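Undergrad: Mind looking over this structure? Questions follow.
The values are calculated or read from the model by the stated rules, or taken from the named source; none is laboratory data. What you see is a predicted model; the values in this text were computed from it and never measured. Quick reminder, even Gly has a Cβ in these numbers, built from the backbone with ideal geometry, and neighbours come from all protein chains shown. These accessible areas exclude ligands, DNA and RNA; they are computed on the full protein's heavy atoms, side chains included. Shrake-Rupley method; radii C 1.70, N 1.55, O 1.52, S 1.80 Å.
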Amino acid sequence: MTNLLYDTFFGVHAGKETPFLRMTDGSAVTHAGFLGMGSRFANAIREIGLVPGDRVAVQVAKSPEALAVYAACAQAGFVFLPLNTAYTADELTYFVENSGAKLVLCDAADQAELSKRLQTRIETLNKDGTGSFTELAKDQPNAFATVPRAPDDLAAFLYTSGTTGRSKGAMLTQNNLVSNSLTLTKLWHFTETDVLLHALPIFHTHGLFVATNVVLSSGASMIFMPGFDAETVIDQLPHATAMMGVPTFYTRLLDNPRFTKETSAQIRLFISGSAPLLEETHKAFEERTGHRILERYGMTETNMNTSNPYDGERRAGTVGFPLPDVELKITDATTGARLPDGEIGQIEVRGPNVFQGYWQMPEKTAEELREDGFFITGDLGQIDADGYVHIVGRNKDLIISGGYNIYPKEIELVLDDQPGVLESAVIGVPHADFGETPVGVLVAEAGATLDLDGIREAVSQSLARFKLPRKLVLVEALPRNTMGKVQKNVLRDMYADVFKT
Ligand code: MCA
Ligand code: AMP
């Protein structure tokens, strides 16, 4: 038996002394150097006592070492569980306990707090690559006998929040990741001559399972930036051939006068996803650079589902066509029946990309993953006469801010717990930089006076800062329909302009 994930993404580059990660200071990590690091890490984790199938939770800054933990997990058959660096100790504790992770890698600054909360083995990996974990690995052999895995074995858990407030671990198999990456590599014409400008985080699908996996499966290299910074991106673009980003990357580039046709002349492909790219951004980008951004659509549970064409028309305001190995249908949300093209309904997808279900949550899995393999995305869409898929809304209460998902329910639960708060509703409103941003609407208990700044501060103790409502407002009562349900659409209309400049 082989190990599809390791063989396809990593093993295939064994012995190559060519650059894999190009750092902005001019240094590079070669494929061989990277694989050696991954093998040392695999040896170290095995020595700690983990066995194939065990989860490794990783909340560390983006670095070559952080990425090598992914390679180590693939080679040794551990399940890679990357976590947003913005998550608080409260959030991290939940993920570690829920997943049953046997090892946590974190920044040294977080170790003391996490040690108080967790029984799990904790090692450190800092943003400069130092830490107790690298120390453990430094004298380990540069080679590791790859552990055989079946294509349906688990490769990664990614946590995604839900409309009930608690996060769910999406279980992704080796074949989920590999099949999707090979499809995208071919569709987007990636080859070993490509240099991808990589400014996304590596703890979510976009930066890890789209960007990094496509680079790995094509043998390309990437300019590996610690995060998005428009000035550095503009400096680096002439050295790259492709870039992937969330819409905020593109609006921030357009806001910068140094971003011109000349700076992007070397680029053959700009890709956008994770949130809707406004038609006006698509058009402004083409006017400025001559490039039409290729928009695609995916989810944590499915990797990528659709893409605009590489050669054909990249149509603004659409997410293109279903990928060659993905079936996509629009269905009636009540009956589940397929709707004719042109009608609006819920988007369902089926294919080798679709995950196995939520970790230890069979009821949640059954609600969203049908027995016939179709996954109910919670997005509302429509297929036009030419076959392009349009996302027209969401059937789930979700806010996407700068490409990060924020589930209102999770924030409402914390707001409701604050002293003096009777109830709350969190809504997404338009925001020029982040696309959408949360606003918290609060109702006070009779006679209570609310300290809104104090509430915001208290909430930030348990929720990652990107989730915090950018504004809190106090109202007498929440608008409700005759069934007693809060009318969030009314609130969204009321506060639609609060961040208009
Ligand atoms: C940072 N902040 C944010 C966000 N990012 N607030 C709201 N939304 C955000 N996305 C807050 C921080 O908490 C901080 O707040 C302040 O902004 C400055 O933080 P900083 O780190 O300097 O921000 P930044 O570097 O300007 O980051 C903005 C960003 C980043 C570059 C747009 O958020 C980003 O890289 N987003 C990409 C997310 C992504 O990869 N999504 C893919 C998910 P304070 O001052 O209060 O501390 S995968 C997915 O969606 C699916 C599968 C798909 O289809 O791809
Ligand atoms: P996540 O839970 O991070 O996997 O986010 C998945 C969600 O992001 C999808 O269900 C969509 O609502 C949204 N999404 C991803 N790509 C796009 C896109 N190109 N246009 C609109 N929404 C998108």
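Undergrad: For segment 376-408, name all the residues that are more than 27 Å from Lys485 (Cα to Cα), within 12 Å of ligand 2 (Cβ to nearest atom) and part of a strand (DSSP E or B).
TA: Val389, His390
Undergrad: With the condition kept exactly as written, say whether any residue in segment 414-428 is in contact (Cβ under 8 Å) with a residue 12 or more places away in the chain, more than 30 Å from Tyr94 (Cα to Cα), open to solvent by less than 80 Å² (accessible area, probe 1.4 Å) and in contact with a strand residue (DSSP E or B) (Cβ under 7 Å, 6 or more places away or on another chain).
TA: Within segment 414-428 (the criterion being in contact (Cβ under 8 Å) with a residue 12 or more places away in the chain, more than 30 Å from Tyr94 (Cα to Cα), open to solvent by less than 80 Å² (accessible area, probe 1.4 Å) and in contact with a strand residue (DSSP E or B) (Cβ under 7 Å, 6 or more places away or on another chain)), the answer is no, since none of the residues qualifies.
Undergrad: Right, here's the next one. Mind listing whichever residues of segment 173-206 are in contact with a His (Cβ under 7 Å, 6 or more places away or on another chain) and either open to solvent by 20 Å² or more (accessible area, probe 1.4 Å) or under 21 Å from Thr306 (Cβ atoms) (or both)?
TA: Initially, segment 173-206 is screened for residues in contact with a His (Cβ under 7 Å, 6 or more places away or on another chain), giving 195, 200.
Across segment 173-206, the qualifying residue is only Leu200.
Undergrad: For segment 151-161, enumerate the residues that are surrounded by 21 or more Cβ atoms within 10 Å (Cβ to Cβ) and more than 13 Å from ligand 1 (Cβ to nearest atom).
TA: Those that are surrounded by 21 or more Cβ atoms within 10 Å (Cβ to Cβ) and more than 13 Å from ligand 1 (Cβ to nearest atom): Leu154, Ala155, Phe157.
Undergrad: In segment 124-213, which strands (runs of 3 or more DSSP E) lie fully inside it and hold 2 or more residues that are touching a residue at least 12 places away in the same chain (Cβ under 8 Å) and within 16 Å of ligand 2 (Cβ to nearest atom)? Before you say what the answer is, go through the steps one by one.
TA: Details: elements: 154-160, 168-173, 195-198.
The qualifying strands (runs of 3 or more DSSP E) are 154-160, 168-173.
Undergrad: Now for a different question. Whether any residue in segment 256-269 is at pLDDT 95 or above and under 25 Å from Thr173 (Cα atoms) is what I want to check.
TA: No, every residue in segment 256-269 fails to be at pLDDT 95 or above and under 25 Å from Thr173 (Cα atoms).
Undergrad: Answer yes or no: is there a residue in segment 234-254 that is open to solvent by 10 Å² or more (accessible area, probe 1.4 Å), in contact with a Phe, Trp or Tyr (Cβ under 6 Å, 6 or more places away or on another chain) and without any contact (Cβ under 8 Å) to a residue 60 or more places away in the chain.
TA: Yes - at least one qualifying residue is present in segment 234-254.
Undergrad: Right, something else. Could you list, in sequence order, the residues of segment 1-27 that are surrounded by fewer than 17 Cβ atoms within 10 Å (Cβ to Cβ) and farther than 21 Å from Asn175 by Cβ?
TA: Those that are surrounded by fewer than 17 Cβ atoms within 10 Å (Cβ to Cβ) and farther than 21 Å from Asn175 by Cβ: Ala14, Gly15, Lys16, Glu17, Thr18, Met23, Thr24, Asp25, Gly26, Ser27.
Undergrad: While we're looking at this one, here's another question. Being part of a loop (DSSP other than H, G, I, E, B) and within 22 Å of Gly49 (Cα to Cα) is the filter here; which residues of segment 84-111 pass it?
TA: If the condition is that a residue be part of a loop (DSSP other than H, G, I, E, B) and within 22 Å of Gly49 (Cα to Cα), then Gly100, Ala101, Lys102, Asp107 are the ones that fit.
Undergrad: Separate question: May I ask you to list the residues in segment 429-467 that are farther than 15 Å from Val498 by Cβ, assigned to a loop (DSSP other than H, G, I, E, B) and either without any contact (Cβ under 8 Å) to a residue 60 or more places away in the chain or within 16 Å of ligand 2 (Cβ to nearest atom) (or both)?
TA: Within segment 429-467, Glu445, Ala446, Gly447, Ala448, Thr449, Leu450, Asp451, Ala464 meet the criteria.
Undergrad: Continuing with this model, one more query. Would you check if there is a residue in segment 73-87 being out of contact with any helix residue (DSSP H, G or I) (no Cβ under 6 Å at 6 or more places or on another chain), open to solvent by less than 20 Å² (accessible area, probe 1.4 Å) and at positive phi?
TA: yes
Undergrad: Taking Ile411, is it more than 18 Å from the chain's Cα centre (by Cα) and either within 15 Å of ligand 1 (Cβ to nearest atom) or open to solvent by less than 20 Å² (accessible area, probe 1.4 Å) (or both)?
TA: Working: more than 18 Å from the chain's Cα centre (by Cα): yes; either within 15 Å of ligand 1 (Cβ to nearest atom) or open to solvent by less than 20 Å² (accessible area, probe 1.4 Å) (or both): yes.
Against the criterion (more than 18 Å from the chain's Cα centre (by Cα) and either within 15 Å of ligand 1 (Cβ to nearest atom) or open to solvent by less than 20 Å² (accessible area, probe 1.4 Å) (or both)), Ile411 qualifies.
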